[in-house]
Amino acid sequence: MTVENNGLIHNGSTVNRIDVVLIFCCVLIFFCSGCKKKQSSANTAFYYWKTSFLLDQKAADLLQQTAQNKVYLRFFDVVWNEEKNEVIPNAQVDIRQDAGRLNITPVVYITNKTFQHINVAGIDSLTKNVNQLINRIAAKNNIRYTQVQIDCDWSVTTRDKYFSFLKSFKSLNKRQLEATIRLHQVKYPERTGVPPVDKGLLMFYNMGKISANSKQPNSIYNFADAEKYISSLPYYKLPLDVALPFFSWAIHIRNGKILRVNNSIGKVQLLNKNYFVNTSEEVYRAVKSFYLSGVYVKENDVFKLEEITTDNLNEAAAQVSKHLAKLKTRNIIYYELSSISASAIEAKDIREVSAHF
Amino acid sequence: MLQLLKQKISGKFLLIFSALTITVAGIVWACGGGDYYDDENSSFTPEAFVDPQYSPFFYESSTTYYGSEFNDNGNTRFNKQVVDDWYAYLDKKVGRQILDTLLIKSSQGFTDSVYRNFKGKLKDLPAGMPDLSKSNADEKQLDLFLSYLTLAKACESYAVNQEYNYWDEKPKPKAVAAELGNMLTTAYAQTKDVFVKQRLWFQLVRYYYYQQKQESSAYTAPKLTLPDFFAQEEAQFPKNIMYYRTMGYLAGYYYQHGEFARANYLYSLCYNYSFEMKIPSKWSFRPQNESDWTGTLKLAQNGEEKITLWHLLGISQDPVRAIREIYAINPKSDKLDLLLSRLINSKEQSISPVYSNEESKNKTIDLKTEISLVANIAKENKTRQPFYWNLAAGYLNALSHQYVTAKTFYNVARKQLPKDNKLILAQYKILDWTLYLQYLKKIDAAAEAKMAEPLTWLYRLSQGKDAIPDLRFHRALDQSLQLIAALYKKQGDLVKSNCFEQHPAFYLSNTRIEAMKTLLAKPKKSPFEIAMLNYCNVKIENLYYLQATQLVYQEKLDQALVMMKKAEGINATLLLGNPFNIRINDCHDCDHAAPGKTRYTAQSFLETMINIKAQLTAGKDVSRNAALLANAYYNITHYGNARYFYQSDITGSITDMVQGIDEPFRHVYTDNHIAEKYYLLARTNAKTKELKAKFTFMASKCDHNNEYNRMMESEENRNSWYFQLDKIPTGKYFAELMSQYSQTNYYREVLNECGYFSTYVSKRR
């Protein structure tokens, strides 16, 4: 007997058993091979997320030495413009150097709000517009690309529209298509669906709740939070590349509420005793009201600094690599190049982390 | 120069700042989405207290600028002003429409033709272009106007924002031609007329501004820098809008060169000048570091200029600090007013209108600093509008649950209110009324008498029957209904409580329904009761209908019919399909589309049920009649084809999903036990194996639905949207069907049509 018209039953909620068995077998093989001395076949790559693309010497060296010049370059964002009531591109990258000799994958970030507002008819023109803009930026900068990555934190309500966009984009663009996958999407694929793409990119960061509480663990990466999600990883129905975090930010908190995540204020500014007092590890309180780097800081505002170290990276890589289904070559993408080049990390550190895969 | 007018100050500044926005990190705050406006959760109307020139900055968290009066298009912002200025200059002898055509709408080619025609060098004018050669305006002035127009149009190429499709390539900024600079310089030197000369000054400053932005090799620096040229010439011109628009470019120049202290100071002067200048100036005002901010403060030449600076800081960042600083300089400044309204409107958004439990009370945000500041200012009584500060101090106290203190401030304010301002008086009434409700402990007859008028007033406002423009009353309305409902509930008067806040569970009791009917039918209602019932959507016929349907589910059909007949109007609701039919797989759409001779209304359906039951009771055709009753009872549940029978505003009718049925009624409207009982009776009395097979299968549907209901109602699944059907037990009827009826035709039909059953069978073969 079937129950007609009932929204409680989710189509496709049951996983095909044969698939599970197959995946499971793969995992077994993977674990067994893991017993031997590991030979990593992973490729290293970097994200570049800033609006102006110009690599300094350190970044260029790091890219060349560790990643064979493979960059996932954010081309532009797609956002919903409230005032104009339309979907528009935003923060288009300004490429200020010769990009033709680099191995570039265009990345487009699309806000979930875009899909909340767009109607089905709008998806066609969005597809066309995104494809054209990618090709225009690529052509102008002599970039020959073989794949595109779309980044969108879609939700249950936007899933259908987002997936339909991916399908039509793939048929228009014809290159390999990759979509970002967040940890919650790995854990609840029956709810959020699996995007119709060639490959997924697992974002192995931003896993914890960004919290005003100074005792709350690092939200960029922490082992315990990651652990809650990754048991479902072997069963995910897409081959997965992995993105690892290498960035820091200061969380700006007022009256116990998060105001913004800020990367223009860092440790250097927070150590200024005229402005801040260090109240506990990595937490700083403003002792008066003032402007700093274009931000207005109010007396008693709190900044919580979250940073990722090489140790964190190794821990994250060891943790996630254990749970991934086997893949011939996997791309390990570090987020992101401009922050890394400003840090103390070196090529050998990156190689060491990538060797976990 | 129209172009100058057309030129958008903020547009240019937008360009300047676009580079900056990149470095500002993403904001983590989730925006409240949807069609929700802040003023729906507000009891404090800025329009009552603050000068309209500040209205774009009234607080609304979801939009950049408030209201519909603002113009944030830099290409058009000054159009009207420009036309008006020239209209006055030409002594009103050239019509506004003609000026609008020439200044705003026409391209350079057309205005050149008009000028050549005026000079007698062109005979035929393009269509729609005015012939100024016959104008009775002063010929010399006209000549100046038209020659200026030619230059101004030429400047539009680089100064007017080029609009483009965002998905297309962004147009490159147009080159700023060197010869244009020479022409402007010559014209400026030759022009004596101050009106025209000031406009040429503006053009030149803007020309310098765009020229120095260009990095091309063709760039040749002017002899004077932009600031030098500005300073050298400014004394001869009046301090009018043209002056401040020119100053905007000077500020932009400084900003671009990293001289933030000076840039922000100049922006503040522009902000202060006029309504039109406020949006672009406030937008551009962006101190970067404490050193430049203190530098800006030092540039202020007097207290009023300092006030504008603090006012700008207060709008975007820190109203408390800004109010404190401004008040110390000039307690009568009208620049305090906007900040106070923003302070209050932003705080009330984060405080829910009603604290129904301790938990949310504990979430109260700390308003001590704000209260102490505003209360002290109110007490000192030195401001421009003392009643405003007293109301604000009172309201902040009320938001912090300090009701007694709040009342003392309101009492002071009441005596200071302007007696002829409808909006302010209404604002006072909103605050006073909600405060009254907040400290009301018990509603007695006296309280009811007092509440009748404000409740009616709010009701009429909410229905648009009365209007007080701009008044924010929705928060007060929500507060009133929730607070009064809670008080009545506490007092045990559930009927009145339900009038203000309906809860479906109220209607589970027939006694309460009867009490509600009595109230609705009461012949002479008090003014309070009339006011209260405005808020009560339920009608007496809805209650009769509810009683009738409840009796049907209790199998008291005769009593149900008595009620049904009184449910006038609703009893004629047409059911979409034939509720006495059933099929193997439920298909409501098929049933609704099936042509049938008989269409049933709710009442005729009930009457037919009564007839069938009478025959059944009399022992006539037992199997068939039992089956018909079974079908009827099946179909008036969620699983059947006659959902209209139970759906109503009282019990929920939002969707076709189970969740659309209000929880207290969900069990009754999904339960299949009565249908199952009658299918079994039909089976017992059936004459053929085929029929027995059919009723067995139908009983299995009821059984499965009941199991499904049980899962859905279980605590663990309460908030879940996901169930697996294969977890539902197949039940005894499938086994019976397979073991006893596998030779029947009906069995084969079921096997064909019902995948669930065929899976069951295939696993057991």
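The values are calculated or read from the model by the stated rules, or taken from the named source; none is laboratory data. What you are looking at is a predicted structure, and each value in this text was computed from that prediction instead of being measured. Cβ sites come from the backbone with ideal geometry, for glycine too, and all protein chains shown count toward neighbours.
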The lone condition B:A593 fails out of (1) out of contact with any helix residue (DSSP H, G or I) (no Cβ under 7 Å at 6 or more places or on another chain); (2) buried (at least 16 other Cβ atoms within 10 Å of the Cβ) is (2)
Qualifying position, being among the polar types (S, T, N, Q), modelled with pLDDT of 90 or more, part of a loop (DSSP other than H, G, I, E, B) and outside the structural domain of A:I220 (by TED's automatic domain parsing), among A:N300, A:N278
A:N300
Before we move on, is B:F260 within 14 Å of chain A (Cβ to nearest Cβ) and either at pLDDT 95 or above or crowded, with 19+ Cβ neighbours inside 10 Å (or both)?
yes
Show the residue pairs meeting these rules: Cβ distance below 8 Å; 6+ apart or different chains; first residue within segment B:160-183 and under 29 Å from B:L224 (Cβ atoms); second residue surrounded by fewer than 12 Cβ atoms within 10 Å (Cβ to Cβ).
B:Q162/B:P171; B:A175/B:S216; B:A175/B:A218; B:A178/B:A218; B:A178/B:T220
Determine whether B:T573 is within 38 Å of the chain's Cα centre (by Cα) and β-branched (V, I, T).
yes
On the basis of being over 22 Å from A:V87 (Cα atoms) and within 14 Å of another protein chain (Cβ to nearest Cβ), does B:K172 make the cut?
yes
Any chance B:Y158 is touching an Asp or Glu at 6+ places or on another chain (Cβ under 9 Å) and among the aromatic types (F, W, Y)
no
Go through segment B:522-532 and give me each residue that's small (G, A, S) and either in contact with a helix residue (DSSP H, G or I) (Cβ under 6 Å, 6 or more places away or on another chain) or in the same structural domain as B:P454 (by TED's automatic domain parsing) (or both).
B:A531
Going through segment B:557-587 in order, the residues found to be within 26 Å of B:F734 (Cβ to Cβ) and within 14 Å of chain A (Cβ to nearest Cβ) are B:I582, B:R583, B:I584, B:N585, B:D586, B:C587
Taking segment A:227-258 as the region of interest, how many residues are under 26 Å from B:L367 (Cβ atoms), surrounded by fewer than 20 Cβ atoms within 10 Å (Cβ to Cβ) and in contact with a strand residue (DSSP E or B) (Cβ under 7 Å, 6 or more places away or on another chain)?
1
Of the residues in segment A:274-301 that are free of Cβ contacts under 8 Å to residues at least 24 places away in the same chain and among the β-branched types (V, I, T), the one that is nearest to the other protein chains (Cβ to nearest Cβ) is A:V287
Just the residues that are in contact with an Asp or Glu (Cβ under 9 Å, 6 or more places away or on another chain) and part of a strand (DSSP E or B), please, taken from segment A:285-295.
A:R285, A:A286, A:F290, A:Y291, A:L292
Can you confirm whether A:E306 is of a type in the set (D, E, K, R), surrounded by 17 or more Cβ atoms within 10 Å (Cβ to Cβ), more than 19 Å from A:R254 (Cβ to Cβ) and within 20 Å of the chain's Cα centre (by Cα)?
no
Filter segment B:585-612 for residues that are of a type outside the set (S, T, N, Q), part of a loop (DSSP other than H, G, I, E, B), under 28 Å from B:E690 (Cβ atoms) and at pLDDT below 95 and give the result.
B:D586, B:C587, B:A594, B:P595, B:G596, B:K597
Inspect segment B:232-243 for any residue being crowded, with 22+ Cβ neighbours inside 10 Å and either at pLDDT below 95 or more than 14 Å from chain A (Cβ to nearest Cβ) (or both) and give the result as yes or no.
yes
All strands (runs of 3 or more DSSP E) inside segment A:164-272 with 3 or more residues being touching a residue at least 24 places away in the same chain (Cβ under 8 Å) and more than 28 Å from A:T44 (Cα to Cα):
A:249-254, A:257-262
Flagged pairs (Cβ under 6 angstrom, 6 or more apart or on separate chains; first in segment A:50-65, touching a residue at least 12 places away in the same chain (Cβ under 8 Å) and surrounded by fewer than 15 Cβ atoms within 10 Å (Cβ to Cβ); second outside any loop (DSSP other than H, G, I, E, B) and not small (G, A, S)) are A:S52/A:D94
Going residue by residue through segment A:265-272, is there one that turns out to be facing chain B (nearest Cβ under 10 Å) and small (G, A, S)?
no
Kindly list, by first and then second residue, each pair from a residue in segment B:524-553 that is free of Cβ contacts under 8 Å to residues at least 40 places away in the same chain to a residue that is of a type in the set (S, T, N, Q) and in a helix (DSSP H, G or I), limited to pairs with Cβ atoms under 7 Å and residues at least 6 apart or on different chains.
B:Q547/B:N510; B:L551/B:Q559
Given (1) loosely packed, with under 15 Cβ neighbours inside 10 Å; (2) of a type in the set (K, R); (3) modelled with pLDDT of 90 or more, number of the condition B:K701 does not satisfy:
(1)
Among the numbered criteria (1) of a type outside the set (S, T, Y); (2) in a helix (DSSP H, G or I); (3) out of contact with any Cys (no Cβ under 8 Å at 6 or more places or on another chain); (4) more than 12 Å from chain B (Cβ to nearest Cβ), which single criterion is violated by A:D98?
(2)
Residues that are more than 21 Å from B:Y459 (Cα to Cα) and of a type in the set (K, R): does segment B:511-521 have at least one?
yes
Across segment B:270-289, what is the number of residues that are more than 14 Å from chain A (Cβ to nearest Cβ), crowded, with 22+ Cβ neighbours inside 10 Å and among the hydrophobic types (A, V, I, L, M, F, W, C)?
2
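Picking from B:W293, B:W283, which residue would you name as being touching a residue at least 24 places away in the same chain (Cβ under 8 Å), aromatic (F, W, Y), touching an Asp or Glu at 6+ places or on another chain (Cβ under 9 Å) and outside the structural domain of B:N240 (by TED's automatic domain parsing)?
Exactly one residue qualifies, and that residue is B:W283.
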Among the residues in segment B:292-313, are any over 30 Å from B:K379 (Cα atoms), crowded, with 21+ Cβ neighbours inside 10 Å and in contact with a Ser or Thr (Cβ under 9 Å, 6 or more places away or on another chain)?
yes
Result of the Cβ filter at 9 Å on segment B:491-503, keeping first residues that are under 16 Å from B:S480 (Cα atoms) and partners that are of a type in the set (S, T, N, Q) and buried (at least 19 other Cβ atoms within 10 Å of the Cβ), at least 6 apart or interchain, is B:F500/B:S480
Going through B:K496, B:K517, B:K565 one at a time, which residue ends up being within 26 Å of B:L629 (Cα to Cα) and among the basic types (K, R)?
B:K565
On the basis of being at pLDDT 90 or above, more than 51 Å from the chain's Cα centre (by Cα) and either within 21 Å of B:Y243 (Cβ to Cβ) or surrounded by 14 or more Cβ atoms within 10 Å (Cβ to Cβ) (or both), does B:T191 make the cut?
yes
